[in-house]
Every structure is written in C-alpha cells, then in structure tokens.
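The structure appears right after this line, and notes come after that.
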Amino acid sequence: METLVLGLDLVGTFVFALSGAMAGVRHRLDVFGVLVLAFAAGNAGGITRDLLIGAVPPAAIADWRYLVISLLAGVATFWRYGTVRRLQNAVLLFDALGLAVFAVSGALKALAFGLNPVAAVLLGTLTGIGGGMLRDILVAQIPTVLRAELYAVAALAGAGVVVIGEALQLPTTATTAAGVAACLALRLGSIYLGWHLPTVATSKSAETHRDPH
Amino acid sequence: METLVLGLDLVGTFVFALSGAMAGVRHRLDVFGVLVLAFAAGNAGGITRDLLIGAVPPAAIADWRYLVISLLAGVATFWRYGTVRRLQNAVLLFDALGLAVFAVSGALKALAFGLNPVAAVLLGTLTGIGGGMLRDILVAQIPTVLRAELYAVAALAGAGVVVIGEALQLPTTATTAAGVAACLALRLGSIYLGWHLPTVATSKSAETHRDPH
Amino acid sequence: METLVLGLDLVGTFVFALSGAMAGVRHRLDVFGVLVLAFAAGNAGGITRDLLIGAVPPAAIADWRYLVISLLAGVATFWRYGTVRRLQNAVLLFDALGLAVFAVSGALKALAFGLNPVAAVLLGTLTGIGGGMLRDILVAQIPTVLRAELYAVAALAGAGVVVIGEALQLPTTATTAAGVAACLALRLGSIYLGWHLPTVATSKSAETHRDPH
C-alpha cells in the first residue's frame, strides 16, 4: 500500500503544482514566487494529512521527489505558459485526476495509521481539497474549491468508496480504482454535464448584510 | 477533566460551525461548500490546539461527534437560513459562548498535556480565535476576530482565569465557570455597552502607505 | 547549536513582529489585534518548522520569551507608530535580517532533528517566509513574500549555504555567518540595486482569464 500511496501522491502533486504555478503566473509573480505557489498547491494537502495523523516529518518535506516534481511543474508552466494555457482543458482534467488521487491516497494513509473509517474519509477529503484551498488563499481569493461544482463532494465520494472497500476487505487495487473513478465521474459530470448542488437563494440585502462577528 | 473538555468542545464546535455556515451562505457557496466552511470554523481552533500540543490525530478528526455536530449546524443553516438569520442576535450570543468555551477548553487541555501556564494561556486564546480566523480567511476577508471589539482579549481573559485557578488548585468546575464568565462578560460588555480598546489614529497617507516588504 | 538557534530565533521574532504590528496598525486594528498580528508574523515561521519536524509543543508556544518579545514589538509599534514608520528603512533592513536568521535557524534545527539536506533547505526557506506569508494572509493580501524581489530566493540561498557548510563539516558559527550574509546580500541587492527575477509577460486577457478550477 505504501508504493500505491506514493505513486498516487506524486501524480497528484504534479497536477496540482501545475494549477498553482498557473495561478502564480496569472498574478504576475516572479519565477520564484511561481515555484513557491507550485510547491504550496502541490503539497499542502499531503502535508496537512501527515501533520494530522502524526507522520512527521511529512513525506512532502522528507522525500526530495515531491520537491523536484513540484519544481518541474512550476518551471514548465513558467517557461511554456502559453502552451500550458492552451492546454487548459487538459489541465482541468488533470486537476480532476489530482483531486481523485489525493482523496484516495489520503484515505488509504489514514487507514494505514489506524484511524477509524469516518476519520479516514474526512482526511481523504481534506487531502484532496487542501492544496487548492491554500493556492487560492495565497492569491487572496475565496477558494474555488468551495465554490466549484461538486468539487469537495467528489473528493468525499472518492475517499468514501476506498474506506468502504477496505472495510469489506476487497483488494486495495480494486477499491483504489473504484475510488478514483467515483471522484472523477462526479467532477467530470459537473464540468461537462453541469451537475451541481443547490445554493441558498439569498436576497441582495442578505448578501451585503454585515457579518455579526 | 476529559469529559469537561469534550463537552465544552462540542458546544463550541456547534456554535462556531453555525457562524461558518452563515458566512458560507452569504458568499453563495453551494451546500457542500457551506458544510466545509461549517467544519472549518467549528474545528480549526481545536485542531490547531491539538497539533501544537502533539495530540495527534486531533480529537476533531478522530472523534466522529465533532464531524456530525458540524454537519448538523451546516445543514440547519442551509435549510433554515432565513430563521437562523432572524436569530442573529442569538447567534451573536452563541458565538460569544463558543469563544468562551474554546478558550477555556484550550487552556485546560494544554495544562493536562503538561504545558507551562504562559503557554496554556496562549493556547487557550489561539483555540478560541482560530476557528473564526480560518472562517474569514476562507472568504477572503480580514478576520473580524482581529477587528471586533474585545474579541481576542476576551479569549485571553477566559484562558487566564482558568490557568490562574488551576495554579491555585481551586476546583476545576469553579475555575471553568469563572473563565467562561470572564470571557462572556468582556465580550458582551463590548457588544452591548460598547467597550473597546484604542486604535492608532493614522492619517489617510499612513493608511494608504505601501507595505515595505 | 541550540543556543545559536535560540538567539537567531529571538532576533528574527522581534523584527518580524515589528512588521506584523505595522501591518496591523495600517489596517486600523485595535491594540490587541495589533498584538495578535505581531505574534502571528513573528512566530508562524518557527511554529510551522517545529510542527513539520515533530518538535511539539513548538518553542514559540512553550518558551515564554517568544511571546514576550512579540508583545514588546507590538506595544512599541502601537505606542510609537510615528517613530517606527519614520524608521521604515531601518525596518526594511531588520526584515531582511529576520528573513536571514530564520532561514538559517530553520535549516540548522531541521539538520539537528536528522532531516536530509534537501528537506533542511526546504524547511529553512519555509521558516524564513512563513511569518510574512501569514501576516499578509491575515490582512487579506497576496503575500508580498511571493511578489517582493528575491525574497524567497534569498531565504533559499541562506538555508542552502548553511546546509552545504554543515555537510562539509565546517564550523557551525562560520556557516551560520555565511548563510546570513548570503541571504542579506541577495535581499539588499534587490532592495538597493534593483536585482530581480523575470516574470512571464502575460497579456491583459491572460491576466483576467478565469481560473479553471
């Protein structure tokens, strides 16, 4: 299971680092700011997961491959921004894949550290959405993770499928594939078919109402 | 003391989750974004406290009751937003109560883990204000915790009273009640009687002066 | 090495707390909000480092000197804002010094906890830039750390010099001095001589292009 988590993690790191680097370029950061944002987006989810289960130092810090992969994504985006931007539909697919693999790897690692099923689902979801949240916080925006259609719920579904599969003692490769597929299906359904969740219809006055705190 | 910390934590989680969910609805997040914000606001303070004292996995992750209570608050806010909003003065009271119980529970848990009194007061304050800070960061606003009248200072007072009471070996239930009362008194005095701390009177040019970094 | 790390940490805490307090005053926070921001800016880097290497409770929580030094910087800024602001060029120098000492102390502490050289450089950089990042996030701005000329790269250079020096088993005081000097040189060269890194020249349409997530 360790090899599986590592492989999923590295794939997810690369695609999220791409999305972080693109956000950095769009906000006119210099090359090193772009690299920092690529590292943050690619690794914040995994680092949070490792801190929460007590696996310190986190893999993303202790294992140089996470750093190298993040820097590769950042440098590629910086020098070939035009190309990456034209491939943006592909990036959207990769981002969905990253979400899926992080949600699944987060849930698997939490189970391996002896956490209970509910906690494992929660950690998988956090691992999936953590990188994108930090990326958007760093460019001073409301995390699109919170607004995008079926984003967090897709991560939840992926983590949930894996945890249920492990509880039923199904083969880990099968549950992993099913978890990734479930997350991808929801996210792609939302992107291409417009699936979405309801929002509260707030009046204009409610919208601008001052926060009571 | 464990039962006491758990009880205080669950009450604080519920009321802060309510405030997080309301912020989510105001920013037009979908139902799952609202739930994520409810969980973040309700549990960020406690998770930070547990990470800082080395209690991993944090109670808010490992114990399903925190999740369920956060989701309950989120769902209630989502489906009954109009009602919750009309009860906003009540929510303001609950928020003050949440601040008080988190500040006290944070200080008590830090003492139970062998931290010194100064560290326990600091951790109690962080536990109290952490959830509200993350809630506001996630919707891209300056944390109202930093601006609201006597907010952080009320948390400090609550944590301080508990730590002094424990140092004097007074009964824990009495010091807990006194800590909650001290925090509530300062916060409610600020809300209803306009108590406040001074700010620096900066000129317009100082205000718009560019940050040197 | 412990005394060295402590001394560097306290110097860095003071100068970053100054910068946090000034940001707080500029955003019209009350005196306690200013103190919270001073503490956050002065200690976020060190706390993050300690969490990531498993040194809990973090020194900034467990050792009262960090708190006292942060509060001193906050109170000084609050009561003598005009003076501190006139000394802003000096503050800029102090900030460069804080960046240098935190980057070096972060790398040294990571090595002392047995992390590998790449991880130590990464941790040193994070320790250096962490405080400034949280300061800017808390006032809802894109971290200037990500935009300022040669900021993160200067931290990286300082951490890198120390790690290389330790690998070559040079005396720690000499590598520390060299690391601080390398970071300072890059940062001051950027401030006074205009050294900078390239950015991608994005067209207006690229700039305003919607984030795909």
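The values are calculated or read from the model by the stated rules, or taken from the named source; none is laboratory data. Keep in mind that what you see is a predicted model, and the values were worked out from it rather than measured. Methodologically, a virtual Cβ is constructed for each residue, glycine included, from the backbone with ideal geometry; neighbour enumeration extends over all protein chains shown.
Structural remarks
- When region B:15-70 is filtered for residues that are within 28 Å of C:PRO58 (Cβ to Cβ) and within 7 Å of chain A (Cβ to nearest Cβ), the ones remaining, listed by number, are B:SER19, B:VAL36, B:LEU37, B:LEU51, B:VAL56, B:PRO57, B:PRO58, B:ILE61, B:ALA62, B:LEU67.
- Helices (runs of 4 or more DSSP H) fully within region B:1-68 that include at least 1 residues being within 19 Å of A:ARG49 (Cβ to Cβ): B:31-53, B:59-62.
- B:ILE142 at pLDDT below 95 and at negative phi: yes
- Within region C:80-107, considering residues that are within 13 Å of C:LEU18 (Cα to Cα) and basic (Lys, Arg), the one modelled with the highest pLDDT: C:ARG80
- Residue count, region B:48-63 (criterion: in contact (Cβ under 8 Å) with a residue 60 or more places away in the chain and either on the phi > 0 side of the Ramachandran plot or of a type in the set (A, V, I, L, M) (or both)): 2
- Region B:159-185, residues that are within 14 Å of another protein chain (Cβ to nearest Cβ) and either without any contact (Cβ under 8 Å) to a residue 60 or more places away in the chain or surrounded by fewer than 22 Cβ atoms within 10 Å (Cβ to Cβ) (or both): B:ALA159, B:GLY160, B:VAL163
- Residue match in region B:77-87 (condition: at the interface with another protein chain (Cβ under 10 Å from one of its Cβ atoms), of a type outside the set (Lys, Arg), within 15 Å of the chain's Cα centre (by Cα) and not in a loop (DSSP other than H, G, I, E, B)): no
- Looking only at region B:186-201, and only at residues there that are under 20 Å from the mean Cα position of the chain (by Cα) and of a type in the set (A, V, I, L, M), the one that is surrounded by the most Cβ atoms within 10 Å (Cβ to Cβ): B:LEU186
- All told, C:GLY74 falls short of being farther than 21 Å from C:ALA100 by Cβ, modelled with pLDDT under 90 and more than 15 Å from the chain's Cα centre (by Cα).
- Checking each residue in region C:1-54 for being surrounded by fewer than 21 Cβ atoms within 10 Å (Cβ to Cβ) and of a type in the set (Lys, Arg) picks out C:ARG26, C:ARG28.
- Residue check for B:LEU126: touching a Leu at 6+ places or on another chain (Cβ under 8 Å), part of a helix (DSSP H, G or I) and within 30 Å of B:PRO171 (Cα to Cα): yes
- Total residues in region B:108-149 satisfying the condition of being at the interface with chain C (Cβ under 7 Å from one of its Cβ atoms), surrounded by 23 or more Cβ atoms within 10 Å (Cβ to Cβ) and over 22 Å from C:GLN141 (Cα atoms): the figure is 3.
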